[in-house]
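Asks: So that we are looking at the same thing, I have put the structure below in structure tokens.
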Amino acid sequence: MAAPKQRPPIPFPSKEAKVSQGATHADTDDLVTRCQAGDVDAFEMLYRQHAARIYTLACRMGGSVEDGEDLLQEIFLQAYRKIGSFKRDAAVGTWLYRLALNHCLDYVRSRQAKMSKLTETLDAETSFEPMARRETPIARMDLERALERLPEGCREAFVLHDVEGFDHKEVGELLGIAEGTSKSQVFKARAKLRALLRRN
Amino acid sequence: MHPNETAIHDYVDDVLELRERTELERHLAGCSQCRRLVDDLREIRKAFGGLKDDLREPPVRAWARLERAIRLESESRSTHNLQGRGGSRTAPTLSLRSMSWLGAAAVLILATVVGLQFRAGRRATPTSSTSTPGASVAAGDAAQAVEAELRAAEEHYTKAITGLEQITKTEQGALDPGTAATLQKNLAVIDQAISESRAALRTQPASEPAQESLMESFKAKIALLQDTVALINEMRKGNDAGAARIVSGLKPKGN
């Protein structure tokens, strides 16, 4: 609590409840203990319980399945190295999610220069042709594809706010931007998505 | 006059003050354009909010790659410990039969990771701390740096691919003919893409799309070869379910 720049607590999405169904606290505790002792089979179980959640986040934050797969590898390798220092002051899923989100954010930040370049390019071109009229709800694949086409910068803010459910203050703190900037990035993303998914 | 953008989005996010909300709703009652915008934004909000628990399964090879990296790390830690103070360890062991080529694959994968450092984002920020005042000289330096980086990345990829190809060639007898044929077909498609990217780079060495395409093709080839190694590994372990999962991901390409 001492450091003012410390990241806010990250609320873990509801998926954790689903993952935990059928597994007691004692089971999870035992799994963590085995992982901390270097048991790779136990770590595989932990991976299988949480990989989909982390991979999905990584794909959306990274903007492609290729980046998502690389990030997934890096995140779980880091988790394997760090699980010995996991103090159980939160659920292991929360710990993993924080680790993943921080890793994704570091990766995104390291692409800052590319970001602005790409944003300018996409702003300049008219690549957001409206999609054909649809009478059915937007298909998941269309949503994922549209997310991938969002410019860097506004995609991360949008994923954190509209998909992951953080408020603008939290998004601002996570991305190191002002709350107002988070808002404008999310609005920008929605406008792009509206053009991409438009019903005529 | 239409409400401003912030008010509309705040309304959709349900964070507007009561008075502003009432005003905005009054406007919406008489403005079909704004009503439609609100409807669209609500639909976007609802659709993407629903993605939160709509999870993607990672490719099967992801765990195999991770496991190899973990085991390699455990091995190196173990060697270090044994050399250092002879301490005990709990890292798992592998059968000696699979150890040599698995270890080789892991080393190659590490080489791949080094190769993957060639990412577009890095090229956008060429180092300028030592550049001379002349802008054209700096641009020339940056172009040379990019080319050098591309060559280094290509070298890493090529090394990794060569090593993985050797493993898959010597072990391919373990695969059934249908799977082997699918793998060969997929490799041929990727090789074609590599050739085309190289040809494009010969005529336009600075072309970013061609550079990206070449890197992506290398990456695709390595991923496929890693799948092949993972498949052979599962078959050696007698894990039919694991092998079937990998085979199901090897869909023919190029049709």
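Throughout, read-outs are computed from the coordinates displayed, never taken from laboratory work. Source: prediction; values computed, not measured. Here the Cβ is made from the backbone with ideal geometry for all residues, glycine too, and neighbour counts use every protein chain on show.
Asks: Order of A:VAL65, B:VAL15, A:VAL171 from fewest to most other C-beta atoms within 10 Å? Don't jump to the answer; show the numbers that get you there.
Replies: Details: A:VAL65 17, B:VAL15 11, A:VAL171 24.
In order of increasing Cβ crowding within 10 Å: B:VAL15, A:VAL65, A:VAL171.
Asks: How far, in nm, would the chain grow between B:ALA152 and B:ARG42 when pulled straight, counting 0.36 nm per residue and subtracting the alpha carbon separation?
Replies: Working: separation 110, 0.36 × 110 = 39.60 nm, distance 4.83 nm.
Full extension from B:ALA152 to B:ARG42 adds 34.8 nm.
Asks: While we're here: So, R0 is 30 Å and r is the distance between the beta-carbons of B:ASP54 and A:LEU77; what FRET efficiency does that work out to, to 0.05?
Replies: Efficiency at R0 = 30 Å is approximately 0.70.
Asks: Follow-up. Distance in nm between label sites at B:THR6 and A:ALA91, each 7 Å beyond Cα in the beta-carbon direction?
Replies: Taking the simple label geometry, B:THR6 and A:ALA91 are separated by 3.6 nm.
Asks: Then there is this: Convert each backbone phi in region A:175-180 into a coupling constant with the Karplus relation 6.51 cos²θ - 1.76 cosθ + 1.60 (shift: θ = phi - 60°), then list the ³J(HN,Hα) values in order as whole Hz, x for Gly and Pro.
Replies: Going residue by residue, I get 8, x, 10, 5, 4, x Hz, with x marking Gly and Pro.
Asks: Inside 10 Å of the C-beta atoms of B:215-223, what's the mean count of C-beta atoms belonging to other chains?
Replies: Partner Cβ neighbours, averaged per residue: 1.
Asks: Would you calculate the separation in nanometres between label points at B:ARG198 and B:LEU18, each defined as 7 Å from the Cα along the Cα-to-beta-carbon direction?
Replies: 7.3 nm
Asks: Express in nm, to one decimal, how much length is gained between A:HIS25 and A:ASP142 on full extension, taking 0.36 nm for each residue of separation and deducting their alpha carbon distance.
Replies: Contour length minus Cα-Cα distance gives 38.3 nm.
Asks: Something else: Need one value for B:23-33: mean number of C-beta atoms belonging to other chains within 10 Å of its residues' C-beta atoms.
Replies: 0
Asks: Follow-up. When the Kirkwood radius is taken over all Cα pairs of region A:138-200, what Stokes-Einstein diffusion coefficient follows at 10 °C and 1.306 mPa s, in µm²/s? Show your work: numbers first, answer last.
Replies: Working: Rh = 11.7 Å.
Here the translational diffusion coefficient equals 135 µm²/s.
Asks: Would you order A:PHE158, A:PHE86 from fewest to most other beta-carbon atoms within 10 Å of each residue's own beta-carbon?
Replies: So the ranking, lowest neighbour count to highest, is A:PHE86, A:PHE158.
Asks: Still on this model: Need the list of aspartates and glutamates near B:LYS169 for cross-linking: C-alpha distance under 15 angstrom, and skip anything on the same chain fewer than eight residues off.
Replies: Straight-distance partners of B:LYS169: B:ASP227.
Asks: What number comes out for the charge environment of B:ARG35, summing +1 per Lys or Arg and -1 per Asp or Glu over other residues with Cβ under 11 Å away?
Replies: Here the count lands on -1.
Asks: Per residue of B:39-47, what is the mean number of Cβ atoms on other protein chains within 10 angstrom of that residue's Cβ?
Replies: 5
Asks: With labels modelled as points extended 7 Å from the Cα through the Cβ direction, what inter-label distance (nm, one decimal) is found for A:ASN102 paired with B:GLU208?
Replies: Between A:ASN102 and B:GLU208, the simple spin-label model gives 3.2 nm.
Asks: While we're on this one: Give the order of B:ILE194, B:ILE70, A:ILE75 when sorted by the count of other beta carbons within 10 angstrom, beginning with the fewest.
Replies: Details: B:ILE194 20, B:ILE70 23, A:ILE75 26.
Fewest-to-most Cβ neighbours within 10 Å comes out as B:ILE194, B:ILE70, A:ILE75.
Asks: Let me ask something else. Pairs B:LYS185/B:LYS237; B:LYS159/B:LYS221; A:LYS188/B:LYS46; B:LYS159/B:LYS219: which are spaced more than 22 Å apart, C-alpha to C-alpha?
Replies: On the way: B:LYS185/B:LYS237 26 Å; B:LYS159/B:LYS221 12 Å; A:LYS188/B:LYS46 17 Å; B:LYS159/B:LYS219 13 Å.
Listed pairs above 22 Å: B:LYS185/B:LYS237.
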